[in-house]
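Let me begin by presenting the structure, written as structure tokens, before commenting on it.
What follows draws every value from the coordinates through simple rules; no lab data is involved. No experiment lies behind these values; they were computed from the predicted model shown. For neighbour counting, all protein chains shown are included, and Cβ atoms are generated from backbone atoms with ideal geometry for every residue, glycine included.
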Amino acid sequence: MNCEEVKAHLLDYLDKTLDTPTTTRVATHLISCAPCGAEASELADCMDQVTALPALDPPLGFAQRVMAHVREIEKRPTIWERLFMPWSNWTKWMPLQATALVMVGIIGIVLYQKDNRLKPTEPTNRTLSASVKPGTPSNESIPAVTNQTDKKKEAALQAPVALAKRAEQVAEKKQRSSPSSEQSQIAKREVEARSEETKISRRAPIQVQEAINMREPGRFSGEGGFAPPMPLGGLRQAAPRPGTMALDRVVPLGERVADYEFVVRRRPPQRRDQVESSSADALKKSTDEDTASGLAARPATPPPTAPKIESIAEIRFYNVAPEHFEYFKKELASEAIIETEPKPPAAKEKEIADLDRLLLIKVTILPPALPEPAAPPR
Amino acid sequence: MVSEAISDAECVRKLQRGETDAFETLIRRHQKTIFNLAYRMLGDYDEAAEISQEAFLSAYRAIGNFRGDANFSTWLYRIALNHATTRRKSLNTRQQRSVPIENTEPASDPHPGPAESMEKKEIRQRVQQALNRLDPEDAAVILLRDLQDVPYEEVARVLEIPIGTVKSRLHRARQALKSELASYFYAGRKAV
């Protein structure tokens with residue numbers, strides 16, 4: 001046997017898997033051939049070194065640790081179970097899901113409220129309109145007066161609401177039984193309440209915002225035909241009486257620029273016919289007395305008393321259809337003394353005429369002028 | 001607890017029927033072999049413990065696929081060697097491997113002298129270093145055949161290669177190991 005044959009059988013020789021004759025021949029060659037003998041010896045030595053490596057014990061509790069993991073795997077649902085049986089352990093996750101649902105609801109409500117708060121108010125005026133029966137006298141429905149405090153805007157916005165509610169209650173009562181005495185009493189109470197509020201707030205000028213829509217149905221189509229709009233009668237009144245009001249929209253003053261602006265002055269409290277009748281009565285009475293007592297001394301005329309100024313100025317807004325503007329102006333002139341009349345430029349006038357909406361008219365109502373001291377009767 | 005007397009095949013059947021405790025029997029039966037194989041493949045005690053655990057857990061997860069054509073131990077060897085080979089490759093890419101200097105090598109002689117004990121420990125460390133420097137396939141075949149004394153047929157099944165390939169690979173692996181150890185064991189001999 002040569003070296004190549006020995007190398008071919010060397011593995012089996014070292015593993016002792018060769019048959020006896022082959023093992024004898026290989027062993028003879030290894031004794032006679034020094035290089036082959038050395039290599040066989042070294043390989044056997046290597047095998048012995050590996051075989052001699054001691055066996056180590058695994059860590060203590062290795063089996064228990066593996067079994068703990070095995071039991072964890074056993075409890076965990078498989079992917080199939082997770083995909084197709086998601087409700088198998090729904091009771092475990094229910095509190096979490098319920099909490100998440102509640103949280104989503106709360107966040108939704110908060111966002112909704114926040115969104116409402118951020119919504120811009122509509123540009124149109126909120127109308128404090130008194131519902132007027134067609135054909136009824138204009139002094140039956142009187143625009144409400146609202147006090148606005150500059151410091152507390154919210155209070156100012158809520159005041160008309162409160163007044164509107166009160167006015168609605170009053171209107172209900174009025175609808176049930178509408179004697180004029182009750183109306184006047186209610187109006188009196190309202191005026192008193194309002195004057196108390198004015199005293200409390202100690203704010204001298206009272207701004208009044210009112211917009212009246214002359215296109216409201218029934219305004220001009222009554223039994224009496226083209227009935228005058230309600231508000232003008234109220235110009236004479238120092239304190240307005242409440243009417244049935246419907247609060248549609250309230251917009252802060254100054255938000256819209258009026259198309260026309262009037263400055264009017266209230267007429268004196270007494271109307272001319274009353275003055276004439278009273279003076280005629282007084283003249284008649286004095287004539288009778290003169291005839292009765294001859295030329296007796298005439299009673300001293302009482303000194304003229306200054307009219308009580310109910311308010312310094314009042315501003316009202318009216319929504320008037322463009323075609324009714326002239327009528328409105330005529331009515332205004334009949335009810336009050338127009339001090340300043342708007343004269344817009346021709347361009348603006350044309351622009352206003354082309355408007356497709358109601359005209360917003362601002363009327364600044366000044367208190368009645370102090371009467372001139374009457375000449376002493378002769 | 002399943003009786004220790006029953007065979008691996010019976011334990012596997014029980015496990016496949018859902019008796020998880022049967023797996024504990026298999027672990028206790030094979031843990032030392034698998035752990036030592038992993039330890040000699042990796043040369044690190046903690047890594048070996050982790051790889052052994054992963055091997056057993058992989059076996060548990062895949063027990064449904066085990067058809068029983070081969071021994072359970074053969075199947076388990078294959079799983080452990082796959083894990084160890086993968087880990088060894090990742091460790092090799094991370095750092096130059098070296099034998100950890102630790103006192104995990106037990107003394108074979110219960111009452112050795114200090115000098116003899118030190119020499120044996122050094123020899124074991126050298127052998128382990130040489131094994132670590134081998135290709136994982138070569139190390140695996142040496143460990144299965146020389147350390148675990150696994151028959152050629154079973155080694156062929158574990159490595160899924162023919163027996164002839166196992167023999168040639170084993171011869172090549174032994175030559176490589178001899179070369180690795182030559183500088184330490186045979187330097188004086190060659191010089192003489």
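Which condition does B:GLU153 not pass, out of (1) more than 15 Å from B:ARG174 (Cβ to Cβ); (2) crowded, with 17+ Cβ neighbours inside 10 Å, if it passes all the others?
So the condition that B:GLU153 fails would be (2).
Among the residues of the stretch B:55-77, write down those that are in contact (Cβ under 8 Å) with a residue 60 or more places away in the chain and either acidic (Asp, Glu) or more than 15 Å from B:ARG40 (Cα to Cα) (or both).
Our first condition is that a residue be in contact (Cβ under 8 Å) with a residue 60 or more places away in the chain; within the stretch B:55-77, this holds for B:70-74, B:77.
Answer for the stretch B:55-77, where residues must be in contact (Cβ under 8 Å) with a residue 60 or more places away in the chain and either acidic (Asp, Glu) or more than 15 Å from B:ARG40 (Cα to Cα) (or both): B:ALA70, B:ASN71, B:PHE72, B:SER73, B:THR74.
To keep it simple, each residue is scored yes or no on (1) under 12 Å from the mean Cα position of the chain (by Cα); (2) of a type in the set (Val, Ile, Thr).
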residue	(1), (2)
B:GLU10	no, no
B:LYS14	no, no
B:ALA22	no, no
B:ILE27	no, yes
B:HIS30	yes, no
B:GLU54	no, no
B:LEU57	no, no
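Could you look through the stretch A:1-37, keep only residues that are more than 13 Å from chain B (Cβ to nearest Cβ) and of a type in the set (S, T, N, Q), and pick out the one that is surrounded by the fewest Cβ atoms within 10 Å (Cβ to Cβ)?
Filtering first and then ranking leaves A:THR20.
Quick check on the stretch B:26-42: of everything there that is buried (at least 23 other Cβ atoms within 10 Å of the Cβ) and more than 9 Å from every other protein chain (Cβ to nearest Cβ), which residue is nearest to B:ASN65 (Cα to Cα)? Before you say what the answer is, go through the steps one by one.
From the stretch B:26-42, those buried (at least 23 other Cβ atoms within 10 Å of the Cβ) are B:26-27, B:34-35, B:37-42; that's our starting set.
Now restrict to residues that are more than 9 Å from every other protein chain (Cβ to nearest Cβ): B:26, B:37-38, B:41-42.
Details: B:LEU26: 17, B:LEU37: 24, B:ALA38: 23, B:MET41: 26, B:LEU42: 28 Å.
In this case the residue turns out to be B:LEU26.
Just to be sure I understand, how many residues within the stretch B:140-177 are within 21 Å of A:ALA55 (Cβ to Cβ) and touching a residue at least 40 places away in the same chain (Cβ under 8 Å)?
9
Kindly list, by first and then second residue, each pair from a residue in the stretch B:116-134 that is of a type in the set (Gly, Ala, Ser) to a residue that is assigned to a helix (DSSP H, G or I), limited to pairs with Cβ atoms under 8 Å and residues at least 6 apart or on different chains.
Partner pairs satisfying both residue conditions: B:ALA130/B:LEU177; B:ALA130/B:GLU180; B:ALA130/B:LEU181.
Take the residues of the stretch B:43-62 that are more than 8 Å from every other protein chain (Cβ to nearest Cβ) and surrounded by fewer than 24 Cβ atoms within 10 Å (Cβ to Cβ): which is nearest to B:LEU144 (Cα to Cα)?
Filtering the stretch B:43-62 for residues that are more than 8 Å from every other protein chain (Cβ to nearest Cβ) and surrounded by fewer than 24 Cβ atoms within 10 Å (Cβ to Cβ), the one nearest to B:LEU144 (Cα to Cα) comes out as B:GLY43.
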